[in-house]
Amino acid sequence: MKRVNVDDRSNLYCLIIIAFILVVVLVPQSISQKCEAETTKTAQKEIIEIANEILANRRCSCQCNNYLPGSSKIPACFGCSAGKAEITYVLESLKAGKKAREIVLNLNSPILIDVFADYTNANISKVWKLVKTVSDELHQNRVVLRTPGLTAEARRAIKLAEYARLSGNFCKIQEALIDHNGPWDWDTLIKLAAQHDMDTEQIRAYADEINIDAQIVKDQEHAKERGIDTYPTTTINNHITSNTDTAIRQAIEKILLEHSI
């Protein structure tokens, strides 16, 4: 099998994702070997150490309250996109130069906002942008897209997003998929990835090896547990909230007020 050419920018992500999500994402052996061999720079090691310190004892942000996906601590969550989102947030924040204290403060926010919808949903862009705008104004960073994978096209998009998570391009590709209006065939999605500097040859070679089954099952279970039967649906701390500026803002402000008393 041909080795994946992973550059220095994504080595950090590979090592952390392998460490924390190996039980959730099937990582091709050549990717892990390449990441481990090349991730040796002092700065990268320092970020890895800080990320491990932040993540090691954290519980998954979903309602299971287990440890993060892939954690060596028992019990660990399995397949949860909310948990993987927290790992990705830590990695991207450290890479962007944020201090550990600021990252932990954001992770400890009493508010978790989930948007349940597939990338292929016609209304996802509108709802996602609304939720992100309101949450940013109220300084809330824990906003997670939960994709139930209801169709083959939706699952194809999820695979690309999860491959991007492994290579360190998740948030960039996630936003591109949210804004994409189709079509959703592999050729089109790979062209979309190429526009964001992803290696299309490697996507074609390895994307099918990314296992998203557990993630889809978990997100569908959480949607069912919250009484969700239409998409997009927004929940704040597991409670369904109307997709309006006023409703989202009031729900967030109420929780913040309760935690300030």
(Q) Under the rule of at least 5 residues apart or a separate chain, name every residue whose amide H is placed under 5 Å from the amide H of Thr241. (A) Thr234, Thr235, Ile236
Q | ³J(HN,Hα), Karplus 6.51/-1.76/1.60, whole Hz, each residue of region 202-212, x for Gly, Pro | A | 6, 4, 4, 6, 10, 4, 5, 7, 7, 8, 10
**Q.** Hits among aspartates and glutamates - C-alpha to C-alpha of Lys224 under 20 Å, sequence gap 8 or more where chains match
**A.** Asp114, Asp118, Asp213
Q: Classify region 72-132 as rounded, prolate or oblate from the Cα gyration tensor: take a ≥ b ≥ c as the square roots of its eigenvalues, call it rounded if a/c is under 1.5, otherwise prolate when a/b beats b/c and oblate if not.
A: oblate
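Which of the pairs Lys99/Lys126; Lys99/Lys129; Lys129/Lys254 have their Cα atoms more than 23 Å apart in this structure? Each step should come with its number before you reach the end.
Working: Lys99/Lys126 32 Å; Lys99/Lys129 26 Å; Lys129/Lys254 21 Å.
Over 23 Å Cα-Cα: Lys99/Lys126; Lys99/Lys129.
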Q. Using the alpha-carbon centroid of each, what span in Å lies between region 115-163 and region 207-261?
A. 10
(Q) To make sure I understand the rule: partners must be lysines, Cα under 17 Å from the Cα of Lys73, and not fewer than 8 residues away in the same chain. Which ones qualify? (A) Lys84
**Q.** For Val144, residues with placed amide H under 5 Å, excluding near neighbours
**A.** Ile113, Asp114, Val115
Q. Size of the dipole of region 143-199 about the Cα centre, Lys and Arg at +1 and Asp and Glu at -1 on the beta carbon, nothing else charged, in debye to 20?
A. 220
Q | Cα shape, region 132-176, gyration tensor, a/c 1.5 rule | A | oblate
Q) Dipole of region 46-154, Cα-centred, from +1 at each Lys and Arg C-beta and -1 at each Asp and Glu C-beta, to the nearest 20 debye? A) 140
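All of the numbers you see were taken from the coordinates with simple rules; none came from a lab. Here the structure is a predicted model, which is why all the values come from computation and not from measurement. Positions of Cβ are backbone-derived with ideal geometry, glycine not excepted, and every protein chain shown enters the neighbour counts.
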